[in-house]
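Worksheet for the structure shown next.
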Amino acid sequence: MRKFFFAIAALTILASCSRTTLPYQDSSKPVDVRVRDLVSRMTLEEKIGQLLCPLGWPMYEKTSDSTVSVSSDYEKFIMESHGGMLWAVFRADPWTRKTIENGLNPVLAAKAYNELQKFAIENSRLGIPIIFAEEAPHGHMAIGTTVFPTSIGLASTWSRYTVEEVGHAIAAELRAQGGHISYGPVIDLSREPRWSRVEETYGEDVYLTSQMASGMIKGTSPKANGWDKGVISTLKHFVAYGIPEGGHNGNPSTVGERDLLENFLPTFKSAIDAGALSVMTSYNTIDGIPTTANHHLLTEVLKDEWNFDGFVVSDLYSVDGICGSHNIAKDAREAGEMALKAGLDVDLGANCFALLDSSVAEGRVSEKMIDKAVSRVLRIKFELGLFDNPYIDPDKATAVRSPEHVSVARKAAQESITLLENNGILPLSKDLKVAVIGPNADNVYNQLGDYTAPQDEGNVKTILDGIRAKIGSENVTYVKGCAIRDCSSDGIARAKAAAKAADVAVVVVGGSSARDFKTKYIETGAAVVDNETVGDIEAGEGSDRATLDLLGLQESLLRAVREAGKPMVVVYVEGRPLDKRWAKECADALLTAWYPGQEGGNAVADVLFGDYNPAGRLPVSVPVTVGQIPVNYNKKFPYGHDYVEMQAAPLYPFGYGLSYTAFEYSDIDISRTGAASAKVSVTVRNVGKMDGDEVVQLYVTDLQASTARPRKQLRGFERVRIAAGESVRVDFELDEDAFSLYNPEMKKVVEPGEFRIMVGASSEDIRQEGILVL
């Protein structure tokens, strides 16, 4: 009887304990307390599982148009690998082989999230939720979402506030479907236009990129918008990834320590200060060290000096690349050890960190190192509320691609369009007969850019769609003329005839990052160029170029249309600054729309017919030819000289762009406000007949310093709306960052002396200037 009572008492105690809320389960306790408690209860294998992030799209099975279940791959990932993170569950594109038919619409994506989350919580010993990372560089890369202009277009708006609006929309659409982490923005400086990923960047300049990145993070970050609304933005790619040797994606980057400190690292620091909580390493090496294994950058700079409290994730299989690409580690296990020791927290691809249990057993890495990494991941999960409110309401996913978000996409596209030439033909009258011609005039995917999901019929408005909607289909004739790369000339004669029969020709040329199911891919998802198929793709990850020429017969098409003798407007839809020499000299007007997103066609039509006054400005310098590269505006002294064959100056300078109105600058005032700060004011007057935006740009030149300085450096800008005949006073506050440098001892200082302050409409169109003495 005594044994019976003892047994009953023991069962009672066990039952009571099972009802006890453990510290990590108690939402009232501080996050740090919950993290420490949970980590203390985890096995080594459970900890390692939280650091693995495999491909997500094989983790579900679409069982009907309204139901979804977990796959056997996912069951294995949770039950055997104790997994804690997934990448690109909802991604749809030719690489994943997910289409509108077999992929997930927003509501079904939300249901899939709940199913996957439920399985993880109920089948992990400690009930640890899964966290979803998704590609979202210019909108969530999933079926049914809003597609915004790519980043190079967003940078052309020179509007922090528009970029912030885009960020809000991206975050809302991600969270509505279960996404917690947004891969993007890409904040590499792009100074190598042959590189395939220019479209994903904010351009060549450290200040502009920092401002655009901060705007995006303010729009997406849970620190700014609440942990129940924002997403974790993953900054890509740490670091100096946009200047690869030969323009080849992932090649080594040649950059000095001072250049890193003054140009390439500040974009990341600015975004982190704005609230970014994740950083992705890059595929390149710097001075022989893969960035994924660079202890100085990942630990000493990022975590120690900057006090970064988020987590660091590899680019896809870049840990494997320490062994397989860079030939530094002898095998995958050693590659994982090197990355962990360097400061990497999460292995995207999940091959190498999965081997860390044996590394710990053999004393090659300590479990404390794994504890630090897993603590960073778990802290984010707790902050996001995944332990307390892990599920979402699928009915709210209907808000994805809302009218409000579509409106933001159109606004962003309007603001990004950059007018490069205009002999007075623009804006066009709406009573003209228009011939719309060219390979990018009516190609849905060519105007969207890389990292774009399949689109529902009618979702994307092409330039042809936009012009037809503006002036009526009866006034529009369309001829494709030629493809981007294919050399079939069958349509050129028809295009010339159409131009001759019209009042004006709008010819839309350029490039494409559109992937199709014939494109081949390497395991990282980058495209492979081959000679077997001739699609349009000539940009986007993996599609590096040897020239910047228009490919195929596009220039022949332009010449043929010009021969028709009618006014000619040329529009470039492109992912990099392609050759524009012929169009500059021969077209009546020239614009670049970059990849303007789903509302791009409407936005271009708005500009062409004067319903929107263009004010986009170039975020990159456009070279005359590749022989000039690099051609960024802020090269260091001394001034260069012209080449034997041509000028050294670019075809179009950084910050350049025209308007349908004109602006005058006057009355600059420069006043010192502190030991290393100043205020600059200038009056800008709209002297034209149309209301419009002007992008007022401020540049600084350090006239004498202990190290060679940039010839000029952007240190402020404001996009301001000015009514015709009106004036505004534009103010700039300059802090010590506007004047600082890294001296010969590599100390960041502001040296006393004279600084030239310049205000104008581009880096080469300075309207007012003066000297500031510090």
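The values are calculated or read from the model by the stated rules, or taken from the named source; none is laboratory data. On a predicted model such as this, the values are computed, not experimentally measured, just so you know. Backbone-built Cβ (ideal geometry, glycine too); neighbour counts: all protein chains shown. To get the accessible areas, we keep the full protein, side chains included, count just its heavy atoms, and leave off ligands, DNA and RNA. Shrake-Rupley method; radii C 1.70, N 1.55, O 1.52, S 1.80 Å.
In this Cβ point-charge picture (+1 for Lys and Arg, -1 for Asp and Glu), the chain has a dipole of about 840 debye about its Cα centre. Shape analysis of the range 91-140 based on the Cα gyration tensor places the equivalent ellipsoid semi-axes at 25, 13, 10 Å, largest first. Each residue of the range 393-401 in turn: what ³J(HN,Hα) in whole Hz from Karplus with 6.51, -1.76, 1.60 and θ = phi - 60°, glycine and Pro shown as x? So the Karplus estimates, Gly and Pro as x, are 9, x, 4, 6, 5, 5, 6, 5, 6 Hz. Remark: the range 250-302 is approximated by an ellipsoid whose semi-axes, taken from the C-alpha gyration tensor as √(5λ), come to 19, 13, 10 Å, largest first.
Of the DSSP beta bridges with both residues in the chain, give the percent that are antiparallel, rounding to the nearest 5.
Here the share of antiparallel DSSP bridges comes out near 60 percent.
Taking Cα centre as origin and charging only the Cβ of basic (Lys, Arg, +1) and acidic (Asp, Glu, -1) residues, the dipole magnitude of the range 623-717 rounds to 400 debye. Over the range 114-185, the ratio between the Cα radius of gyration and 2.2 N^0.38 Å evaluates to 1.36. When the chain is described by a simple charge dipole with +1 on each Lys and Arg Cβ and -1 on each Asp and Glu Cβ, the residue from I370, M758, V682 located farthest towards its positive end is I370. Computed over the alpha carbons of the range 423-484, Rg followed by Dmax gives 13.2, 39 Å.
Think of the chain as having a plus end and a minus end, set by charges on the Cβ of Lys, Arg, Asp and Glu; of N251, I143, A546, I143 sits farthest toward the positive end of this dipole.
Taking every pair of distinct Cα atoms and averaging 1/r, then inverting, what Kirkwood hydrodynamic radius in Å comes out for the range 587-681?
17.1 Å
What is the ratio of the Cα radius of gyration of the range 101-250 to 2.2 N^0.38 Å, with N the residue count, to two decimals? Rg over 2.2 N^0.38 Å, computed on Cα atoms: 1.13. Plainly put, the range 19-108 has a radius of gyration that is 1.10 times its Kirkwood radius, both from alpha-carbon atoms, as the Rg/Rh ratio. Bridgeable lysines around K500 (alpha carbons under 19 Å apart, same-chain partners fewer than 8 residues away excluded): K430, K433, K480, K566.
The Rg/Rh ratio for the range 250-381 is 0.96, where Rg is the radius of gyration of the alpha carbons and Rh is the Kirkwood radius.
Among the listed pairs K584/K679; K218/K381; K98/K118; K303/K381, give every one whose C-alpha distance is greater than 27 Å.
Details: K584/K679 38 Å; K218/K381 20 Å; K98/K118 23 Å; K303/K381 19 Å.
Correct reply: K584/K679.
Heavy atoms only, 1.4 Å probe, whole protein assembly: order H295, H248 by accessible area, highest first.
Numbers: H295 80, H248 100 Å².
Accessible-area ranking of H295, H248, largest first: H248, H295.
Taking Cα atoms, how many degrees apart are the long axis of helix 492-501 and the longest axis of the chain, rounded to 10 and kept between 0 and 90? Approximately 60 degrees, to the nearest 10. Phi angles across the range 122-139 convert, under the Karplus curve 6.51 cos²θ - 1.76 cosθ + 1.60 with θ = phi - 60°, into 3J(HN,Hα) values of 7, 10, 10, 4, 9, x, 7, x, 8, 10, 9, 9, 10, 6, 8, x, 9, x Hz, Gly and Pro given as x. From the list (1) 35.4; (2) 37.0; (3) 56.9, can you say which value of mean projected area of the Cα convex hull in nm² was derived from the structure given? Matching the structure shown: (2). For the range 612-759, the Kirkwood hydrodynamic radius from C-alpha pairs, put into Stokes-Einstein at 20 °C and a viscosity of 1.002 mPa s, yields a diffusion coefficient of 124 µm² per second.
Please list 146-153, 604-611 highest first by mean number of surrounding beta-carbon atoms within 10 Å per residue.
Numbers: 146-153: 30.8, 604-611: 22.2.
Answer by packing, highest mean first, reads 146-153, 604-611.
Could you pull out every one of the aspartates and glutamates with an alpha carbon less than 16 Å from that of K76, ignoring same-chain neighbours closer than 8 positions? Straight-line reach from K76, under 16 Å: E45, E46, E61, E115, E122. Close amide H contacts of Y652 (hydrogens built in the peptide plane, cut-off under 5 Å, sequence separation of 5 or more or a different chain): V622.
Just order 765-771, 562-568 by mean Cβ neighbour count inside 10 Å, highest at the front, would you?
Numbers: 765-771: 15.1, 562-568: 17.3.
Highest mean packing first, the order is 562-568, 765-771.
For the range 54-101, a crude dipole built from +1 on the beta carbon of Lys and Arg and -1 on the beta carbon of Asp and Glu, taken about the Cα centre, is about 120 debye to the nearest 20.
How high is the relative contact order of the chain, given as a whole-number percent (alpha carbon pairs under 8 Å, six or more residues apart)? All intermediate terms of the calculation are to be shown ahead of the outcome.
Details: 1898 pairs, mean separation 95.1, N = 774.
Taking the mean separation of contacting Cα pairs over the length of the chain, I get 12 percent.
Considering only A169, S27, A497, and ranking their Cα positions along the charge dipole of the chain that arises from unit charges at the beta-carbon of Lys, Arg, Asp and Glu, the one farthest toward the positive end is S27.
Sequence-ordered 3J(HN,Hα) estimates for the range 426-436 from the Karplus curve with 6.51, -1.76 and 1.60 and θ = phi - 60° stand at 9, x, 6, 6, 7, 9, 8, 8, 10, 9, 9 Hz, glycine and proline given as x.
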